[in-house]
Amino acid sequence: MAKYLLITFALVFGLQFQAISQDNTDVAALELEIHNLINKHRVSKGLKELKLNDAIRTEALGHSKNMASGKVPFSHKGFDERFNKLATIFNMSSGSENVANGPAEAKTIVEGWLASPKHKENIEGDFNMTGIGIAQAKNGTFFYTQIFVKSPEKPKIVVDEFENELLRLINDHRKKLGIASLTKNELIKTEALKYSEQMATGRVPIGSPSFDSPIRRLVQNMNAKAMAEIIGYGFNSPKEAFDSWMASSKQRETIEGSYDLTGIGIMQSKDGKVFITQVFILSR
């Protein structure tokens, strides 16, 4: 079961600092500076650097905005929800969170965390990814959230979302060319999924199905006129797969072909690699 630590850290300043408008503060640069300082400290301790991740940053930023607006108190309120949401994206084994408030000074924030044993423990923890989100309150105070995650770097995919988005990209492209959209077919999808599963588990080589593969019999079983397939693997997003396919003249020709039915089978292997089989059928 995944574990997580909830550590709160407030920076208290005896001197007032001048409120700086969000427009005059490069928050992205501030986040990056904190990230670099954290990694510099980790390297000095013989630890691996943490890699920034946009999905983790989104959760961290949302919490900082909620604290800055007063929607939630300065605390770790809602961390379970943030952690559970990230767990749908990553195969997380552990996670933790540091928060702070104060001026727009990366060095001050990081030094404050390092001066706190518990926050330092998080910074030096067995994690490999992180996200930092910063938001400014109306009174000028900046709220900081850094989330630490240990997970294989390949995120888990939501298969239905991946499939639907890939088909949307393909059909949008066909529409621009005046070509009818492809209609999803469950029988085709079933065979495509079986083939992706076989590739993901190493039961068949990565590449097009062999001549005697069951997927080839779809033409006969569906009394179809023509069939083609596109195989993809190693893509982290539907857009990445689509762009790669469109860059190939042969695959682009298939995408723009006179087919009317399609089925997409997607499987993610244990090491996080995504395998895609899309079959195109001309049924009429």
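Structure notes:
- Full extension of the chain between THR201 and ASP126 gives 24.1 nm of extra length, using 0.36 nm per residue less the Cα-Cα distance.
- Antiparallel beta bridges, as assigned by DSSP with both residues in the chain, represent about 75 percent of the total such bridges.
- Cα radius of gyration and Dmax for the stretch 61-106 (Å): 12.2, 35
- The stretch 159-284: antiparallel DSSP beta bridges as a percent of all, rounded to 5: 90
- Per-residue SASA entry for THR145, accessible area with 1.4 Å probe, Å² rounded to 10: 0
- Accessible surface computed residue by residue for the chain, with neighbouring protein chains in place and a 1.4 Å probe, gives 53 Å² per residue.
- The stretch 140-284: relative contact order as a whole-number percent, Cα under 8 Å and 6+ apart: 35
- Here the stretch 40-161 has an Rg and Dmax of 14.5, 46 Å, counting Cα atoms alone.
- Coordinate range along principal axes, alpha carbons of the stretch 124-235, Å, largest first: 69, 39, 19
- Projected label distance in nm at SER283 and SER208, using a 7 Å step from Cα toward the beta-carbon: 2.4
- Computed label-point distance, nm, for sites SER244 and LYS51 using a 7 Å Cα→Cβ extension: 1.6
- As a length-normalised measure over Cα pairs under 8 Å and 6 or more apart, the relative contact order of the chain settles at 20 percent.
- Carbon + sulfur, % of accessible area of the stretch 192-284 - ligands and nucleic acids excluded, 1.4 Å: 49
- Solvent-accessible ranking of GLU256, GLU81, largest area first, probe 1.4 Å: GLU81, GLU256
- Each 10 Å bin from zero up to the one holding the largest Cα-Cα distance in the stretch 32-99 carries the following percent of pairs: 17, 44, 34, 5.
- Crossing angle, helix 159-176 versus the chain [Cα axis fit, 0-90 degrees, rounded to tens]: 70
The values are calculated or read from the model by the stated rules, or taken from the named source; none is laboratory data. It should be emphasised that the depicted structure is a prediction, and the values quoted were computed from it without experimental measurement. FYI the Cβ positions are ideal-geometry reconstructions off the backbone, even for glycines, and counts take in every protein chain you see. We work out accessible area using only protein heavy atoms, side chains counted, and drop any ligands, DNA or RNA first. Shrake-Rupley method; radii C 1.70, N 1.55, O 1.52, S 1.80 Å.
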